[in-house]
Every structure is written in structure tokens, then in C-alpha cells.
1. Within segment 177-223, take every residue that is touching a helix residue (DSSP H, G or I) at 6+ places or on another chain (Cβ under 8 Å) and not in a helix (DSSP H, G or I) and give me the one that is farthest from residue 243 (Cα to Cα).
2. Being surrounded by fewer than 16 Cβ atoms within 10 Å (Cβ to Cβ) and either in a helix (DSSP H, G or I) or at pLDDT below 75 (or both): is that true of residue 270 here?
3. Can you name every one of the helices (runs of 4 or more DSSP H) wholly within segment 1-102 that holds 2 or more residues which are modelled with pLDDT of 95 or more?
4. Quick one: is residue 198 at pLDDT 95 or above, assigned by TED's automatic domain parsing to the domain that holds residue 229 and within 14 Å of residue 238 (Cα to Cα)?
5. Looking only at segment 98-123, how many residues end up being surrounded by 14 or more Cβ atoms within 10 Å (Cβ to Cβ) and out of contact with any strand residue (DSSP E or B) (no Cβ under 9 Å at 6 or more places or on another chain)?
6. Could we say that residue 144 is touching a residue at least 24 places away in the same chain (Cβ under 8 Å), surrounded by 14 or more Cβ atoms within 10 Å (Cβ to Cβ), within 16 Å of the chain's Cα centre (by Cα) and not assigned by TED's automatic domain parsing to the domain that holds residue 230 here?
7. Does segment 51-74 contain at least one residue that is in contact (Cβ under 8 Å) with a residue 40 or more places away in the chain, touching a strand residue (DSSP E or B) at 6+ places or on another chain (Cβ under 6 Å) and surrounded by 13 or more Cβ atoms within 10 Å (Cβ to Cβ)?
8. On the given criteria, is residue 184 under 25 Å from residue 254 (Cβ atoms) and either modelled with pLDDT of 95 or more or not assigned by TED's automatic domain parsing to the domain that holds residue 147 (or both)?
């Protein structure tokens, strides 16, 4: 029985492929993911040291646990050869981690720590905090549909229908905020940002569809245009989700939809002198 050449076998089995095209993208993705993971570890530990609010310390551990879960999903994606279900969960959890970090930045900002008087809101159905929360939830579902389509799990139609629903809800929410709370900077600024991001995101979605359609018509062409437009569209979706979450949080904080209605009292009548 001959002894196998272990160094040669090991080297041939684990030889790193050339860092070009998809391999280069994947390797860069992993390096950036590791760096972000290290930053969130530092963020979670530092939050435990300096943050007096218990719920904020819990939020720091939540972000760290989500990053660990994200790494597990990434490993399962590679080991199982990119199943669309795990790949979609991997992409969706990344959006949730991003929103968690954005929320932590908001909760530790100087404007959040300052006292503010909420604005009373009555006779609106749905009220503005509920509408903003519903909008953020629909944006999140839309990103799930986009990830599922991107990983060939579903057709394009559900994503297009979701885009129409999200666009309508975003416009409704932004119009509501800008018409009623234009003088409240904590509400006006995220609403204006959300409106601008929506316009950009719709354009990026159209560009992503056109580049994909052009490649399908003429397959020998390169995929650089598809990669750029798709990545920009995904990044735009993450920004839209983060802005909608910030608006939902600020609406909950700055608007009191349960304020009791003030009943006008009649003015006391003066006695008429005889």
C-alpha cells in the first residue's frame, strides 16, 4: 500500500482560486463582513460599559447576536451551494442589522437625549405613528421579495406588486408628515430624506431591470452592468428601510395619538347689574 502524498493532496484540495470576477466579489464581501463584525463586537462591549439604559445594553447584545447569526447563515449559504431560502434569509438579516445600528445611533444622539414635547394628534385613522410603522414593515417585506427574486426563488411579479404598494404607502406617509408636521424637524427631515430616496430607488430598480433584460437578450455581454445596478438597488433599499424605521421611531416619540380631546368650556357669564 502506497502512502499518499499528503502535502500535494492537501494543496490541490484547498488551493485558492484566482481572485477574479465572482471570486473577487465574494472574497471582498467576506473581508468587509469580518470588519463589520469586529466593529459590532466593539460597539456591543462599549455599550455595556458606558450606557446606563438597560434596554440600550440589550440592543447592543441583540446586534452582536444578529451578526453571529448572519455569519452562520453565510456559511450555510456556501456549504449548501446558494439555496434561495437561506440566501434570502442572509440578505434580510443584513438589512435588520443595519437598521439596528442606525437605531442605536439615533438613540444615542444629542437630539434624542434632549427633552421634547410630543404633538397631540386626534381624529386620524390610521394615526401617523401607526402609518409610519406599517410603511416600514412593508418596506421590509419588499426587501425580502427582492432578495427572493434576486436569488431566483420567486418570479418578478410579486416584487413589482410590492414596489407599487410600498410606493403608495411611502407617499401617503410623507405627505401626511409634511402637511401636518412640517415645523417639527425630527419628523420633517426623515420624511424629506425618504421621499428623495424613494425617487432614486425607483430609478435604480428600473436600471437594474433594463441591464438584466439586455443581458438576457444578448447573453455574451458582460455582467458588470447587472452587478453595479443590482448592488446600487440593494443599497438603496437598505437606505429606504433605515429612513422609514427612523421616521417610525420619531413618529412614535414626537406624536401623541392618544391625547385626550380638550373640551371647550363655556365662559362664565357675568351678572347683569339691575
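1. 221
2. yes
3. Details: elements: 6-13, 21-50, 54-79.
Per the criteria, 21-50, 54-79.
4. Numbers: at pLDDT 95 or above: yes; assigned by TED's automatic domain parsing to the domain that holds residue 229: yes; within 14 Å of residue 238 (Cα to Cα): yes.
Yes; evaluated as a whole, the condition is true for this residue.
5. Number of matching residues: 11.
6. Numbers: touching a residue at least 24 places away in the same chain (Cβ under 8 Å): yes; surrounded by 14 or more Cβ atoms within 10 Å (Cβ to Cβ): yes; within 16 Å of the chain's Cα centre (by Cα): yes; not assigned by TED's automatic domain parsing to the domain that holds residue 230: no.
Taking the combined requirement at face value, the residue does not satisfy it.
7. no
8. On the way: under 25 Å from residue 254 (Cβ atoms): yes; either modelled with pLDDT of 95 or more or not assigned by TED's automatic domain parsing to the domain that holds residue 147 (or both): no.
Criteria not met by residue 184.
The values are calculated or read from the model by the stated rules, or taken from the named source; none is laboratory data. In this text, all values refer to a predicted model and were calculated from it rather than measured experimentally. Heads up, the Cβs are rebuilt from the backbone with ideal geometry, glycines too, and the neighbour counts pull from every protein chain shown.
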